[in-house]
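The values are calculated or read from the model by the stated rules, or taken from the named source; none is laboratory data. These numbers were taken from a predicted model, which means no experiment stands behind them. Neighbour counts run over all protein chains shown; Cβ positions are idealised from the backbone, glycine included.
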Amino acid sequence: MSNKKNKVVIAGLIMIIVTLAGAGAYSVYSLNDDSFDLSNREVRLVVTGSMDGEKQDYKISTIPVDSLIMIKLLDENEHCDIRVGDVLAFERGNKIIVHRVIEIDDLGNGDYRFLTKGDANATSDGYIYQEAVKGVVIGVSPFSGKLVSLAKEWFVWGLVLIGLAAVIIYSVREIILIYSGDKKDGGKS
């Protein structure tokens, strides 16, 4: 390959890497409520359709299956900031449930309980006490979640491995040709 061709290939690869890095940074920023502060945050993949109901007039409108969500983890003194319409992440059984707050009871002494319900569910979950609450959902990305779900498929990993193998074989072949001097240009760069 000529020197000029090498520079074009390298410039193209750098542009692709910068574009992917920028898209990834923007995705994280957008998912995290337009912030790069990732302290006290957790990302989860939604695997059920309980929040995939009618659009709501809240900041978090609906959460389709296979969406990535950003959860802001709460300290003990932040439960008073939870409002009706917020989407809570709470523990029940050994699972994390993500449902909307439909009622809040102030039990006094800084203690609260929350009645939650999935937007697509017919009935509520019953009361959730603040000890079970992990955090509040602050961002949803269906597209990023679809990419993560796709990446979990074995078929996709097989295609990725085949592509990587092809690139490695091509690269090794080119290196051998360059160092053996068998190129048409006499092995000159």
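Taken as a whole, the structure leaves K59 outside the set of residues that are modelled with pLDDT of 85 or more, surrounded by fewer than 12 Cβ atoms within 10 Å (Cβ to Cβ), assigned to a loop (DSSP other than H, G, I, E, B) and not aromatic (F, W, Y). Scanning the stretch 17-52 for residues that are part of a helix (DSSP H, G or I), free of Cβ contacts under 8 Å to residues at least 40 places away in the same chain and within 22 Å of V98 (Cα to Cα) yields V28, Y29. With respect to (1) surrounded by 10 or more Cβ atoms within 10 Å (Cβ to Cβ); (2) assigned by TED's automatic domain parsing to the domain that holds A122, the lone exception for E54 is condition (1).
Okay, residues lined up against (1) free of Cβ contacts under 8 Å to residues at least 12 places away in the same chain; (2) assigned to a helix (DSSP H, G or I); (3) surrounded by 13 or more Cβ atoms within 10 Å (Cβ to Cβ):
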| residue | (1), (2), (3) |
| --- | --- |
| V98 | no, no, yes |
| I104 | no, no, yes |
| L107 | yes, no, no |
| G135 | no, no, yes |
| K146 | no, yes, yes |
| V167 | yes, yes, no |
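Each residue in the stretch 15-63 was checked for being at positive phi and not acidic (D, E), and 1 pass. For the stretch 53-96, filtering for residues that are over 17 Å from the mean Cα position of the chain (by Cα) and farther than 26 Å from D111 by Cα leaves 6. Taken as a whole, the stretch 115-131 holds at least one residue that is assigned by TED's automatic domain parsing to the domain that holds D57 and assigned to a helix (DSSP H, G or I).
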